[in-house]
Structures are given as C-alpha cells and as structure tokens.
Amino acid sequence: MNILDDILSGREKRSKLIEEYLNFYETVVSIKANMPGTEKNNYLSYLLINAFSFILKSFPSVTYDYHQNGDGPFVLILLNGFEAKSIKRQMISIEEHHKLGRFIDLDVYDRYGTVTIREQKRKCIICDNQASFCMRNQRHTDLEILDIIDKKAKMFYENSISQILNQSIMEELELDPKFGLVTPYTSGSHPDMNYELMIKAKEAIMPYLIEMFFETFKNLKEIDLIRNLQSIGKSAETAMFKATQGVNAYKGLIFNLGLIISSIGYKLSRYEKRTIFDISQSFAKQLFLDYDYSSASYGDKAFQEHSIKGIRGEALSGFSTVKEALKKLFDLSTYSKIQTLIFLIINSEDTSLYQRAGSYEKYLCIKEMFAGLDLNNTEDVMKINDYCIANNLSFGGSADLLVVTVFIKVFNEKYQFLE
C-alpha cells in the first residue's frame, strides 16, 4: 500500500469507527491535526492533538479513545446527554480563539452525520483568505505551512512549559518555614545561599530544561537521546555555577526536573502509551546502565554503607515517591506544600540529609522526628524548623522532589495527561 492509499484507508477507518460509536453514543467529537502533506504521523501532529485532548474533561461520564493510523493520530470523545449543536459551538470557539486553533479540526458528529453550524469559513493558516480558496489555488506550499505550524506549536509549548517551570520552582522557593532550606526570609542552614542567589540559579537553568523538552521531539534511538539530554544537563550545571559563582543551588533539580520534563516531551510528541513515570524510569536505566557506586562522593558513600540510592534510586524507581507525594499535594496552599515536603523528607532517600546528619542513626532519628510532627501545631513546626537550622540540617533532595511534584501537578491540571 502506498502513502496516499494508507492515508485514505486511515480516513475510512476513522469514519467507520465514528459510525460504530454512534450506535452507542449520542455525540462523537473528533480531534484531528490539520496537517498538510503526506507525513501525518510527525511530532507536530501529536503536539497538536495533545494540546487539545483535555477539552471536555470536565464533562461527566466522558470517554476518550486515542488512535493512530496512516492519516495520523486522532482522539474521539464519546458523549451522551449533551446537545450536539451546543458542543459544536464550543468547538468552533476553541478553533477560533485558541493559539493553535487554526491547526486543529474539532469535528462533531451525531446520528444524523456531521454537525455543521459554522457561519464563517475558516481562514488560511498563513494569510487572511479563506482556507478553501488557498487550498484550491495552491497559494502556499506544504513546507511553508509546516514551518508556520512548527513555529507556532513550539512557541505555544515553550511559553506553557516556561510558565509552569517558573511557577513550580517559585512555589518551593517561597515556601516558609522550610526546615533549614532557603526561603525569602532566611538562608536557613545555607550561609552560602540566599533568595536572590536561588533566583539567579533558576534563571540560569530554565533555558536548558526547556531545551531538554524540545530535544525529545527528535526521532532518535533512546540511548542517543539520553546522551544528548545528558550533555544539555551538563551545560545547565555550568550555567548555574557561573550564575552563582560556584554555589550548587540546583544541581539535583536539573537532573530530576530535566528527567521529568524530557519524559513529558517524549510522550507529547509521539504515539506513546507509557506513562511519564515509565518513560523516566527507562531513561534512568539507560543513564545508569554501567554506573559505578565506588566513588568517594557522599551519595555513593551512602549507598555503599546503607544502600541509600538517593537521586538515582528515585529516578530508577520511576519517581515512586513523587507519585505518592502527588496524592498529598491537594492544592498549592502553604499547608499542603509543607505537608508534601514532610512526606518527602520521611519517605525519600535524601543524601543531603544523610550528609548533614553525620550518622545513619541520626539520619533515621530526624525522619522519625518529622513523622511525629503535627502540622496543625504551629509552635512544634517552628521548633523543628529552628532545630534544623541550629543543627545545620538541610533537605535539598526532598526540596527538589517537591518542585517536581508541583510541576507534574500543575502540568496535569492544564493538560490532564496522567489518566
């Protein structure tokens, strides 16, 4: 079967699938990228589909069906109990007002066929003429159209990722009290750090984390992709140390958040059934395939003496502690974030704490102290906060995982991709 036959076959299969669903559902909404050319399964198609696949998620009893064939990826939303024309009006509004709306087809079907109530024909992606006029007269090449889609889609995701990334880091940084960690009001147990320095570090690493997200769009073997991501991560570390004059503010965060952001980019840009946690675990296994724990670093010493794997163990587990922490982070209130941070302190293998505790016994004792803390008792919370500062304790690993937890929560609330 040639490419054109494959595309036509894919369209026919989608039509038949919609007809079959209409035997059981009153309304079907089809989400399909408006993609020119013969390559319908490129990364842009998936980015567009995933930018819109959250629509109608708030509706009760809605079923989502994700497919891929020769005509590209598409999502079918199956509905009962909603008036088809009302749904169509919502879809038209999205197409007309969303920043990527010109590049997506949100078609609505009921048992009488395609629902058509559009008063004005859709405009061309490139100019203000009607799209049908430009197509009929071949006014623009496929490459010109693809270039516009590529730029707009990347701009959309860059703005979105940047906003969520900045918010996630600031949600952690501005949290107070924070048990020896840097806040806007104290350097805690870090005399070489302060709030302003952490801001500089954040600004330095953000472009590289976004670069990791885009790097995953490339059609590379996983091992080659990991090498590229690792190289970007090292560049992020260099930029951070330059901005902080040698202070390690976010080295662990570059690894953790970089791995999660890369996993999200990988999932959004292709037909991928694995969760971001499964993908990150696969990436981590490739990254640490031949890792030697025999160095003299505190992290390796913790593993050698007490099997504490720290940052590597969390990644190799598919961020199992973060998955549980998401259940604790009900919202972004101070109470909820502190509750989640304490959960991470107790349950994660934090080599920052191990280093500062001075002994494995004290490391465990501090965890037990937090396990018995009543968050509703403000006096006890402040006592532990002061104790951590007085004893030079810090929980950098747990703080990094809190940022990751917030990032996943905020991203999922916008795109609802964890289901």
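Picking from 151, 99, which residue would you name as being in a helix (DSSP H, G or I) and of a type in the set (Lys, Arg)? Let's see the steps before the verdict.
Numbers: 99 fails: in a helix (DSSP H, G or I).
Matching residue, one of 151, 99: 151.
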>> Pairs please, first residue from region 319-332 and of a type in the set (Ser, Thr, Tyr), second anywhere and part of a loop (DSSP other than H, G, I, E, B), Cβ atoms under 9 Å, 6+ apart in sequence or on different chains.
In response: 321/348; 321/349
> What tally of residues in region 43-64 results from selecting those that are assigned to a loop (DSSP other than H, G, I, E, B), free of Cβ contacts under 8 Å to residues at least 40 places away in the same chain and among the small types (Gly, Ala, Ser)?
Replying inline: 2
> Exactly one of (1) closer than 23 Å to residue 143 by Cα; (2) more than 24 Å from the chain's Cα centre (by Cα); (3) surrounded by fewer than 16 Cβ atoms within 10 Å (Cβ to Cβ) is unmet by residue 112. Its number?
Replying inline: (1)
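Tell me which residues, restricted to region 316-349, are assigned to a helix (DSSP H, G or I), hydrophobic (A, V, I, L, M, F, W, C) and at pLDDT 95 or above.
As a first pass, look at region 316-349 and keep what is assigned to a helix (DSSP H, G or I): 316, 320-328, 334-347.
Then drop every residue that is not hydrophobic (A, V, I, L, M, F, W, C), which leaves 316, 322, 325-326, 338, 341-346.
Correct list: 322, 325, 326, 338, 341, 342, 343, 344, 345, 346.
Quick test for you: out of 224, 278, pick the one residue that is out of contact with any helix residue (DSSP H, G or I) (no Cβ under 9 Å at 6 or more places or on another chain) and within 30 Å of residue 72 (Cβ to Cβ). Let's see the steps before the verdict.
Numbers: 278 fails: out of contact with any helix residue (DSSP H, G or I) (no Cβ under 9 Å at 6 or more places or on another chain).
From the options 224, 278, the qualifying one is 224.
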>> Let me confirm something: among 414, 367, which residue is basic (Lys, Arg) and closer than 30 Å to residue 49 by Cβ?
In response: 414
> Among the residues of region 65-84, which ones are over 28 Å from residue 148 (Cβ atoms), more than 23 Å from the chain's Cα centre (by Cα) and not in a helix (DSSP H, G or I)?
Replying inline: 78, 79, 80, 81, 82, 83
> What is the number of the single condition among (1) within 30 Å of residue 141 (Cα to Cα); (2) at pLDDT 95 or above that residue 6 does not meet?
Replying inline: (2)
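Can you tell me how many residues in region 243-255 are surrounded by fewer than 24 Cβ atoms within 10 Å (Cβ to Cβ) and within 23 Å of residue 167 (Cα to Cα)? Reasoning before the result, please.
Of region 243-255, the ones surrounded by fewer than 24 Cβ atoms within 10 Å (Cβ to Cβ) are 243-248, 251-252, 255.
So of that shortlist, the ones also within 23 Å of residue 167 (Cα to Cα) come out as 243-244, 247-248, 251-252, 255.
Total satisfying the criteria: 7.
The values are calculated or read from the model by the stated rules, or taken from the named source; none is laboratory data. Worth saying up front: this structure is predicted, and the values here are computed from it rather than measured. Glycine also receives a Cβ, built like all others from the backbone with ideal geometry; neighbour counts cover every protein chain displayed.
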